[in-house]
Amino acid sequence: MKLHAADILVIFWLNLFTVSTVRGSVASQIVPRSSCIDLSAKQLDIRSLAKYEMQNIPVKAVMFITRRGIKICVQPDLKWVQDAIKFLDKGPVPRRPTTKPKSKPKSKPKGN
């Protein structure tokens, strides 16, 4: 069987078209290992959050990461989510010193 130059070009272009179509389809995109698929409807305690990540693929979401390392995905357009993002962007809140106030030394009773 003899292949002509035209046959080889047709096979080449079909192969190229197939590869570019598969690579360009949304379904063939590699999803990051820790990405949001399901979104939680529960409001979280802002004080338990350590950081957040924004995500657009496969769904638009905010992934909050708690101080214990738990990842929770929520809708980014909720008011409490926006407040939590602002809170986390401010940085850590400085703690008040826990030193006890110094007491005055007791005076010795005067003898008569």
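Here are some notes:
- Spacing of the two label points (7 Å from each Cα toward its C-beta) at Glu53 and Asp38, in nm: 1.9
- When all alpha carbon pairs of the range 46-92 are counted in 10 Å bins from zero, the resulting P(r) reads 28, 59, 13, 0 %.
- Annotation: amide H of Ala50 within the under-5 Å range of Ile65, Thr66, Arg67, sequence separation 5 or more or interchain, hydrogens built in the peptide plane.
- Across the range 40-55, coupling constants 3J(HN,Hα) worked out from phi with the 6.51/-1.76/1.60 Karplus curve, θ = phi - 60°, read 7, 9, 7, 7, 9, 6, 4, 5, 8, 8, 9, 7, 8, 9, 8, 9 Hz, and Gly and Pro carry x.
- The residues packed around Ala84, meaning those with a beta-carbon under 15 Å from its beta-carbon, carry a net charge of +3 if Lys and Arg are +1 and Asp and Glu are -1.
Bear in mind these aren't lab numbers, they're just calculated from the coordinates by the rules spelled out. What you see is a predicted model; the values in this text were computed from it and never measured. In this analysis, Cβ positions are derived from the backbone assuming ideal geometry, glycine residues included, and neighbour counts consider all displayed protein chains.
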